[in-house]
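Worksheet for the structure shown next.
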Amino acid sequence: MVVDLQEAINAANLAQLLSTMFNLEPRHGQKSEFDGAYFECMKAPFLGKNGHIAMRTPDLTAAMEELKEKGFTFNMDTAAYFEDGRIKNVYLNGEYGGFAIHIMQK
């Protein structure tokens, strides 16, 4: 993965601002800067014209089934899995208000 230096600097600056604003502990990741368990600031653009919105759920499999019943589909190319084979996170297909939607196992 190639990371644009300016995007990485912007992500780090935004993460620092959010950490200060909300008294959160910043954490550096390979693709993102994090603030506690609440904010992820991407170092490089990914899905969604305006970025993505992530939501954690205590039962990702059940959440996916419920969303499927409502007619939503998933971009399984984006799915990540735990070592035991359970799904860890996945993006829904499409954009919503210019944002990609990312759901994750809590």
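The values are calculated or read from the model by the stated rules, or taken from the named source; none is laboratory data. Just so it is clear, the structure is predicted and the values come from calculations on it, not from any experiment. Neighbour counts are summed over all protein chains in view; Cβ atoms, including those assigned to glycine, are modelled from backbone coordinates with ideal geometry. Accessible surface is based on the protein model in full, side chains and every heavy atom, while ligands, DNA and RNA are left aside. Shrake-Rupley method; radii C 1.70, N 1.55, O 1.52, S 1.80 Å.
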Under a 1.4 Å probe, counting only protein heavy atoms, L14 has an accessible area in Å², nearest 10, of 80
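Solvent-accessible area per residue for the chain at a 1.4 Å probe radius, Å²?
Working: 7320 Å² over 106 residues.
Each residue of the chain exposes 69 Å² on average to a 1.4 Å probe.
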Can you give the accessible area of E25 in Å² (nearest 10), computed on protein heavy atoms with a 1.4 Å probe?
-> 140
Can you work out ³J(HN,Hα) from phi for every residue in segment 51-59, in order, using Karplus 6.51 cos²θ - 1.76 cosθ + 1.60 and θ = phi - 60°, giving whole Hz and x for Gly and Pro?
-> x, 9, 10, 10, 9, 8, 9, x, 9
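Of all DSSP beta bridges located in the chain, what percent are antiparallel, nearest 5?
70
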Only Lys, Arg, Asp and Glu count, each charged at its Cβ (+1, +1, -1, -1), so figure out the dipole size of the chain about its Cα centre, rounded to 20 debye.
-> 60
On the protein heavy atoms, probe 1.4 angstrom, tell me the percent of accessible surface of the chain carried by carbon and sulfur.
-> 55
